[in-house]
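First, the structure itself, so that you have it in front of you.
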């Protein structure tokens, strides 16, 4: 899960480490001028959602080399759990203008959804993937596809095949003015919350004992096991965190779009997976980067009137990257085996 | 017990020995017998009460189309060990090939029979086009790339409305005919049934012969251990491409037949769920076992389109609350999911395992390998 830095001389290293931030700043600058502030903020918000989902893909792939096909549907289930908690448990119907109440509701919503989805994710791992840990590679992948179909149908059974509205707690009217256009506070909140979660994850992986266990397990499972790492526990925690983040993405999706549907997971899941591949699968920073990139591509496509082709462009990108640069933009620890 | 079985089997021993020697003829006899027996069976209770014989024959035709699709996918997954999640794309390409060649939309009306071949060729070409750059990838990456391709094709068909009429699809596709002898119609399901039976027999014979050919053994070697196969002088890329091309051309041919049968193609008919339904049939029947896979497809199809429909009418008749509003037909997708998960967890070799695969799916003790 660490970025591989191949440059050796100190000047080269400095340049190498600056290459990425410079690239990002340049990219953001260009997108801002091309897209205009409204679309730019749109893309950032969508990117935050993709990035949160992509993190789950990349973490699970990093640790057990499984393309967790059901992850997109975990995100979808998260959006429904958030909807259910928000409208049924908390009794929300629409925007809340009372600031302390709003803050409290949103906080409870995030905490509960993340908790529920973390448990769901860990359960899926325990029931569907762990028994197959020593099986041929494709067996858990096929199981994951099955889990994905089951999740979709369970949700369809309970909530129906139509689009379901989700209460948008943050009032849409609240906005700030940036150089002549109004930027909704909602977007700023969504982006900030997602980025905060990503930083928390990065800190967790790099600083804590469990984070270290996750990194060693992803490098060499058997060796980590010999060093006293509880592999099953570590893998389960990876699923807990990945699914929790997908749950958070579900909350964000609901707050931002105000709706969800049972088939949300497939397309956005595939896009988030593309994001993970784009960034370098197994690389958490890469997944976040990839998420934003994909969103910019999609928003850019629709801004220029090719919105219908957005999906095709993203999937073509996925195919191209897998074929020509399977290690992604930032490189991945397992890319050499692709 | 086994003595009784032996005693019953004894008179059939020469028959069996004969068909073991002449397998293609055996398949022909078997399919013909089955294709006569199935319609007869629908005249007997309880099957005659479910729907008319014509409706049954129609259902069998669709089931056979689905089974051919599964057999084609089995060449890619079961023989060569490559997980193809975008198989429906080739099915779609075959269907659209015929739709464009024989419908009022394009204004061209080519005869059906050569198009059958054309569908196969179009499928094979796209199979090679997709396979050539991607087959170097490791198994799970290949799965995702094929899935991406499987999504791109319907999106393209949907958006290129100038050539495909977008979401509406292409309707009014010509029915096949044998000039002067037989005109296929929507009302009479029998000619299509006959056509599908013939095609089914040919495809099954071809696949069995392929399995035992040099190419089939090459696929075995690649599936079991690609590195070892490569070091033994097998050109793995070519062999994998051939698997892709064979699978894709079968899907293309079947796509043409399917388009001619239902006389309309729309992008929505070829979504991801179609690829997964074929995968479910392969997994249920047992990867690598052609007859098993065809049987798996029949089981799944009859289950979802007959049993679930029956469940709907049953619940309606008894007026059971809550369940009344549930459309059980929607549960076909959960059926695929359950089949995939349960089979992988409990019986990964399928209900009718291919003999070689039994050992392969036994838990690996040392290292990785096998199905990649």
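So residue B:335 passes all but one of these: (1) within 14 Å of another protein chain (Cβ to nearest Cβ); (2) more than 19 Å from the chain's Cα centre (by Cα); (3) modelled with pLDDT of 75 or more. Which condition number does it fail?
(2)
Criterion first (more than 7 Å from chain B (Cβ to nearest Cβ) and modelled with pLDDT of 90 or more) does residue A:127 satisfy it?
When the stated conditions are applied, residue A:127 passes them.
Tell me, which residue of segment B:127-152 that is surrounded by fewer than 23 Cβ atoms within 10 Å (Cβ to Cβ) and more than 9 Å from chain A (Cβ to nearest Cβ) is nearest to residue B:224 (Cα to Cα)?
Restricting to residues being surrounded by fewer than 23 Cβ atoms within 10 Å (Cβ to Cβ) and more than 9 Å from chain A (Cβ to nearest Cβ), the top hit is B:135.
Next up: Which of the residues belonging to segment A:324-338 are modelled with pLDDT of 80 or more and surrounded by fewer than 18 Cβ atoms within 10 Å (Cβ to Cβ)?
Listed by number, the residues that qualify are A:324, A:325.
What are the residues in segment B:105-121 that are over 15 Å from residue B:260 (Cβ atoms) and either within 22 Å of the chain's Cα centre (by Cα) or part of a helix (DSSP H, G or I) (or both), if any?
Once the filter is applied, which keeps residues that are over 15 Å from residue B:260 (Cβ atoms) and either within 22 Å of the chain's Cα centre (by Cα) or part of a helix (DSSP H, G or I) (or both), segment B:105-121 yields only B:121.
Oh, and also: Residue B:248: crowded, with 24+ Cβ neighbours inside 10 Å and within 13 Å of chain A (Cβ to nearest Cβ), yes or no?
no
For segment A:143-233, which fully contained helices (runs of 4 or more DSSP H) count at least 1 residues that are more than 14 Å from chain B (Cβ to nearest Cβ) and either under 28 Å from residue A:295 (Cβ atoms) or touching a strand residue (DSSP E or B) at 6+ places or on another chain (Cβ under 9 Å) (or both)?
Fully inside segment A:143-233 and qualifying: A:185-207, A:209-219.
For segment A:245-338, which helices (runs of 4 or more DSSP H) that fit wholly inside it have 3 or more residues that are under 19 Å from the mean Cα position of the chain (by Cα), more than 11 Å from every other protein chain (Cβ to nearest Cβ) and within 23 Å of residue A:26 (Cα to Cα)?
A:264-279, A:284-303
Out of segment B:278-314, which residues are surrounded by fewer than 24 Cβ atoms within 10 Å (Cβ to Cβ) and within 13 Å of chain A (Cβ to nearest Cβ)?
Across segment B:278-314, the qualifying residues are B:304, B:308.
Another question, then. Kindly indicate whether residue A:223 is over 30 Å from residue A:155 (Cα atoms), free of Cβ contacts under 8 Å to residues at least 60 places away in the same chain and in contact with a helix residue (DSSP H, G or I) (Cβ under 6 Å, 6 or more places away or on another chain).
Answer is no for this residue.
Can you tell me which of A:135, A:103, A:122 is without any contact (Cβ under 8 Å) to a residue 12 or more places away in the chain and crowded, with 20+ Cβ neighbours inside 10 Å?
Just a single option satisfies the conditions, and that option is A:135.
Residues in segment B:196-215: is at least one at pLDDT 85 or above, assigned to a helix (DSSP H, G or I), away from chain A (no Cβ under 14 Å) and more than 23 Å from residue B:90 (Cα to Cα)?
Checked against the condition, which is being at pLDDT 85 or above, assigned to a helix (DSSP H, G or I), away from chain A (no Cβ under 14 Å) and more than 23 Å from residue B:90 (Cα to Cα), segment B:196-215 yields at least one hit.
Something else about it: Can you name the residue in segment B:340-356 that is more than 7 Å from chain A (Cβ to nearest Cβ) and buried (at least 21 other Cβ atoms within 10 Å of the Cβ) and, of all such residues, is modelled with the lowest pLDDT?
Top of the filtered list is B:354.
Ok, one more. Cβ contacts < 8 Å: first residue within 14 Å of chain A (Cβ to nearest Cβ), restricted to segment B:155-183; second residue assigned to a loop (DSSP other than H, G, I, E, B) and surrounded by 15 or more Cβ atoms within 10 Å (Cβ to Cβ), any location; separation 6+ or different chain. Result?
Correct list of pairs: B:167/B:266.
A further question follows. Which of the helices (runs of 4 or more DSSP H) found entirely inside segment B:1-91 contain at least 1 residues meeting this: in contact (Cβ under 8 Å) with a residue 12 or more places away in the chain and within 29 Å of residue B:263 (Cβ to Cβ)? Before you say what the answer is, go through the steps one by one.
Numbers: elements: B:2-9, B:13-21, B:23-41, B:47-50, B:53-74.
Where helices (runs of 4 or more DSSP H) fall fully within segment B:1-91 and carry at least 1 residues being in contact (Cβ under 8 Å) with a residue 12 or more places away in the chain and within 29 Å of residue B:263 (Cβ to Cβ), they are B:23-41, B:47-50, B:53-74.
The values are calculated or read from the model by the stated rules, or taken from the named source; none is laboratory data. Values in this document were obtained by computation on a predicted structure and should not be read as measured data. Because the Cβ atoms are built from the backbone with ideal geometry, glycine has one as well, and the counts that use them run over all protein chains shown.
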